[in-house]
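The next block holds one structure in the form of structure tokens; read it before the comments.
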Amino acid sequence: MTTLDRSTPEADVAALVDAVRRAPERRDELVALLADDAPLHDGRTSAEVTRLRGYALAALGDTGLPAAALPYVIEALETGDMPYEVAGGAIAVRAMDPRAAPAIVPSLVRAVEGLRGADATVSFERYDPRWPYERPTTALTEVLHTLAALGAQAARAAPELQRLLSNGNGLPATVAAALRSTFEAIGADPDAAPRAVAETCCHAAGNAGHPVERPEAADDDAEVVLEDQDGRVETFAEFFCGRPTVIAFFYTRCENAVKCSLTVASLARLQALLAERGLARAVRLAAVTYDPDFDIPQRLRRYGADRGVVFGPDVRAFRAIRGFGELRRRFGLGVGYGPSTVNRHRIEVYLLDAGGDPVHAFTRVRWEPEAVLAKAETLLGWMAPSL
């Protein structure tokens, strides 16, 4: 595979994707284009990165979907805020093993939720199609086609589709037709009254997180110096060692509401849950910005407070004033940077043990405070004899 970096023209990347589309045995090359911190994305704008990733995702619909690409597909459906990328993810799902595809229905439902009022016309006929498109589609149309392809296995999506239909007076004719066809394909009644999404169990699984291997020891942990929302300065070890900590990464200029804004609001919810369980002093909470030069203390405080965080000695927001590279290495952060700020990042929340090492991760898709609380309680249980 040709080495791709920030100097590679978009046209060359698109040509590679087209070549792999014609040679499915090379599909792993597409996976390499999806990484948040891939050298290819360095220095590009968020829009450029989104378009390159969306085009690669759609190509997986022709090549077949390798297991390594599945997390990126789910991420696009659940947290994508650009219709082009969501559409690419929906197309990719249609190349999955039919036996595994039903597990993606909750993510497709979340895509429908996110596209209500935010759908747009897109085209994958080539990387730079000219208007008028030869084969226009929309992100919502592609999600509906994917649900329809699953047939009865996607029946639990019906409540969300009924809500879409009940508010669908403004749907374009092509989308409305796809919606009706989807109801027929999944064997659901389009005229039934919408039920609560909770009854479908579509969101029950959530992001249960995954264990994290202990990172290699580093000699420069003390060189990670942090400044909090009140301007107080301390090292990483001074705050993150001694008790378990939940650390969430974000930045205040993030425009994707279901990534940074929701993450910090969920951290506030976790704070409330810990207080209800009498664990407020047992587990520390921290929000750390990807954008330390811009996110000065006043911005950190306002962003957190606006989303319900109550700051105190054990609940802080930080920026790294020295050693951000070490922090990035320590957590393997999935973040890339464009000309002026972050151009791509995944959702990243970690549970740290009392030594400051990550033991559990909640990454890429939305996380639930209750799931993090459960892991924290388990960790506290393991630690109980030594407390």
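Computed on the stretch 10-200, with alpha-carbon pairs under 8 angstrom and 6+ residues apart, the relative contact order is 17 percent.
Between the amide H of residue 321 and those of 225, 226, 227, distances stay under 5 Å, these residues lying 5 or more places away or on another chain, with hydrogens modeled in the peptide plane. Counting every pair of alpha carbons in the stretch 260-299, the share spaced more than 17 Å apart comes to 41 percent. Modelled spin-label separation between residue 322 and residue 32, with each label point placed 7 Å from Cα along the Cα-to-Cβ direction: 3.8 nm. With the gyration tensor restricted to C-alpha atoms of the chain, the semi-axes of the equivalent ellipsoid amount to 37, 26, 19 Å, longest first.
Each Lys and Arg Cβ is given +1 and each Asp and Glu Cβ -1; about its Cα centre, the chain then shows a dipole of about 680 debye. Only beta bridges with both residues in the stretch 210-386 are counted; by DSSP, about 70 percent of them are antiparallel. Fully extending the segment from residue 126 to residue 181 would add 17.1 nm, taking 0.36 nm per residue of separation and subtracting the current Cα-Cα distance. Stretching residue 210 away from residue 233 to a fully extended chain increases their span by 5.2 nm, per 0.36 nm per residue minus the current alpha-carbon distance. The mean sequence separation of alpha-carbon pairs under 8 Å and at least six residues apart, normalised by the residue count of the chain, gives a relative contact order of 17 percent.
When the alpha carbon coordinates of the stretch 10-200 are projected onto the principal axes, the ranges are 49, 36, 27 Å, largest first. In this Cβ point-charge picture (+1 for Lys and Arg, -1 for Asp and Glu), the stretch 10-200 has a dipole of about 440 debye about its Cα centre.
Amide H to amide H, with H built 1.01 Å from N, residue 246 comes under 5 Å of 284, 285, 286, 352, counting only residues 5 or more places away or on other chains. Let me test this: with uniform point scatterers at the alpha carbons of the stretch 222-262, what is the Debye-based log₁₀ I(q)/I(0) at q = 0.30, 0.34 1/Å? Log10 I(q)/I(0), no solvent term: -1.02, -1.11. Summarising the amide proton neighbourhood of residue 43: residues at separation of 5 or more, or on other chains, whose placed amide H is nearer than 5 Å comprise 337, 338. Full extension of the chain segment joining residue 378 with residue 276 gains 35.1 nm, where the gain is 0.36 nm per residue of separation less the Cα-Cα distance.
Measuring spread by the Cα atoms of the stretch 315-387 yields a radius of gyration and Dmax of 14.8, 50 Å. Spread over its residues, the convex hull of the C-alpha atoms of the stretch 210-386 is 108 Å³ per residue. Across the stretch 293-341, the fraction of Cα-Cα pairs farther apart than 16 Å, rounded to a whole number, is 55%.
The label-point distance for residue 306 and residue 133, in a model that sets each label 7 Å from Cα toward Cβ, rounds to 3.3 nm.
Stokes-Einstein at 10 °C, 1.306 mPa s, Kirkwood radius from Cα pairs: D for the stretch 65-109 in µm² s⁻¹? List each step's numbers first, then the result.
Details: Rh = 10.3 Å.
The diffusion coefficient I find is 154 µm²/s.
From the P(r) of the stretch 93-157, can you give the percent of Cα pairs sitting at distances over 14 Å? Tail fraction, whole percent: 60. Which residues among the stretch 276-311 fall inside the zone where the amide N is under 19 Å from a point 7 Å beyond the Cα of residue 354, along Cα→Cβ? Residues passing the 19 Å test: 278-286. Applying the Karplus relation 6.51 cos²θ - 1.76 cosθ + 1.60 with θ = phi - 60° to the stretch 336-346 yields 3J(HN,Hα) values of x, 10, x, x, 10, 7, 4, 10, 6, 7, 9 Hz, where x marks Gly and Pro. Between the listed residues 111, 71, 16, the Cα displaced farthest toward the positive end of the dipole of the chain, a dipole computed from Cβ unit charges relative to the Cα centre, is found at 111. Output the relative contact order of the stretch 210-386, whole-number percent, from Cα pairs under 8 angstrom with separation of 6+ residues. Relative contact order for the stretch 210-386 comes out at 32 percent.
Placing a label point 7 Å from the Cα of residue 152 along the Cα-to-Cβ direction, the residues of the stretch 94-120 whose backbone N falls under 16 Å of that point are 99, 102.
The numbers here are math on the coordinates, done by the rules we state, and not lab data. This structure is a prediction, so every number in the text was calculated from the model and none was measured. When we count neighbours, we look across all protein chains shown, and the Cβ atoms used for this are built from the backbone with ideal geometry, even at glycine.
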